[in-house]
Amino acid sequence: MAFLKSVALSIGMILLGVAFIAAPMALFKLGLLPPLQAALGLGEKPSPWVSPPGMLLAMVGGYWAYVRLIERRAASELTFRPGQALFAILLAVGLIGAPVLVLYALGYYHLLSYAGVDGIWAAILILISAGVLEELVFRGLLFSILERQFDTITALLVQSVIFAAVHMSNAGFGGLIDMFAGVLIGAFWTLLYVLWRNIWSVGLHHAAWNSTIVVTGLPLSGLGEFQPAAPFRSVFEGPVLMTGGAAGPEGSVVTLAFAAVATSVVLWLAWRRRAIRVAT
C-alpha cells in the first residue's frame, strides 16, 4: 500500500510540475510572441532569435514557480555556475566529438563540403532551449521526484527507460540498439545531474552534445531538421551498428562504448562523493 501511495504521489507531482512548465510556455507562444514579433517587425513566423529565448525564460520560470509553490524549497538547481557550465560544454564536445572523429577516420562518415555558419547560430539557440526543457522535465521533475519517493538507483533506472522510450518516436530510432542508446545516454545525463545537482550545467552539456552532432551535418537523434543549418555536409555508409544509420552518431556502437565508459566514471564519482541516495 505504501509503495502504491508513493507511485501515485510521484505521478501526481510529475504531472503538476509539467503543467507548471507548459502553462507559461503556452502563454508566451500563443499570447506574447505574436505581438512581440509584430512590434519588432519580424512577421508571423516565430523568429529563431526571439522564440527560443522567450520559451527558455517561460519554462524556467514555470519550473521555479513549481518548486517554490508546490515543493516549498529554494530552487538551488537553477543557480548558474559559470565554471561548471563551461566545463560541461567542453566535456560534451569532447565526449561526442571523439567517437564521431573515430568514425570519420575509419571511413564510415565522409565530409563532403563546407556550407558556412550562417544558419548554425539560430539552431544552437533552439538546441539550448530544447536541452534545458528536457533537463527540467526528465531530471528536474521526473528523476528528482522519484528519487525523493524511492532512491537514486530506482529513479535513475525508471527515468532512463522513460527517456529512451520517448525518444524512440524519433524517425531514425526503432531497434534494440537505439533503445539501449537512449537508456545509456539518459542515464549518463541523469548521473551528471546527481553529481552536479544543477539544471543549467547538465542542460548546456545536453545542448552542446546535440550542437556538436548538428555541426557535422549528420542526423541528430533521428531528426534531420537541423541538417540544412549545419556548417558541414556529411554522409554515412556502412553497417548501421557502426554508423548509427538514420539515428545518427548516437546509434553507433562506437559512441555507446565512449558513453558506457563515461557513465561508469560518473557513477563512480557520484558514489565516492556520496551523492547517491539509498533507500532507508
Short version: what are the Cα gyration tensor semi-axes of the range 33-98, square root of 5 times each eigenvalue, largest first, in whole Å? 29, 23, 9
Identify, among 23, 65, 47, the residue whose Cα sits farthest towards the positive end of the charge dipole of the range 1-74, taking +1 on the Cβ of Lys and Arg and -1 on the Cβ of Asp and Glu, with the dipole about the Cα centre. 65
How much length is gained on full extension from residue 8 to residue 261, taking 0.36 nm per residue of separation minus their Cα-Cα distance? 87.6 nm
Spin-label point model (7 Å from Cα, Cβ direction): what's the residue 45 to residue 197 distance in nm? 4.5 nm
So if I restrict to the alpha-carbon atoms in the range 1-74, what is the Rg, and what is Dmax, the biggest pairwise distance, in Å? 16.5, 58
Using only helices, what value at 222 nm comes out for the chain when you add -39,500 (n - 2.57) per DSSP H run of length 4 or more and divide by the total residues, to the nearest 500 deg cm²/dmol? -20500 deg cm²/dmol
Listed residues 250, 77, 225; largest mean-square fluctuation, Gaussian network over the chain with Cα springs below 10 Å, found at 225
Inter-probe distance in nm under a simple model that places probes 7 Å from Cα toward Cβ, at residue 268 and residue 30: 5.1 nm
Please express the Cα-Cα pair-distance distribution P(r) of the range 137-280 as a list of whole percents, one per 10 Å bin, running from 0 to the bin with the greatest distance. 12, 40, 33, 13, 2, 0
Magnitude of the Cβ-charge dipole of the chain, K/R +1 and D/E -1, about the Cα centre, nearest 20 debye? 940 debye
Pop out the ³J(HN,Hα) list for the range 192-208 in order, Karplus 6.51 cos²θ - 1.76 cosθ + 1.60 with θ = phi - 60°, rounded to Hz; leave Gly and Pro as x. 4, 5, 4, 6, 9, 6, 9, 5, 4, 5, 6, x, 6, 4, 4, 5, 5
Can you list, largest first and rounded to whole Å, the semi-axes you get for the range 105-197 by taking the square root of 5 times each eigenvalue of its Cα gyration tensor? 30, 18, 12
Run the dipole for the range 1-107 about the Cα centre, Lys and Arg Cβ at +1, Asp and Glu Cβ at -1, nothing else charged, and hand back the magnitude in debye, nearest 20. 240 debye
State the Kirkwood hydrodynamic radius of the chain in Å, one decimal place, computed from all pairs of distinct Cα atoms. 19.7 Å
In terms of the charge dipole of the range 132-269, which places +1 on Lys and Arg and -1 on Asp and Glu at the beta carbon, the residue among 265, 229, 163 farthest towards the positive end is 265
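FYI, it's all coordinate maths here, none of it is from the lab. Because the structure is a prediction, the values reported are computed rather than measured. Cβ sites come from the backbone with ideal geometry, for glycine too, and all protein chains shown count toward neighbours.
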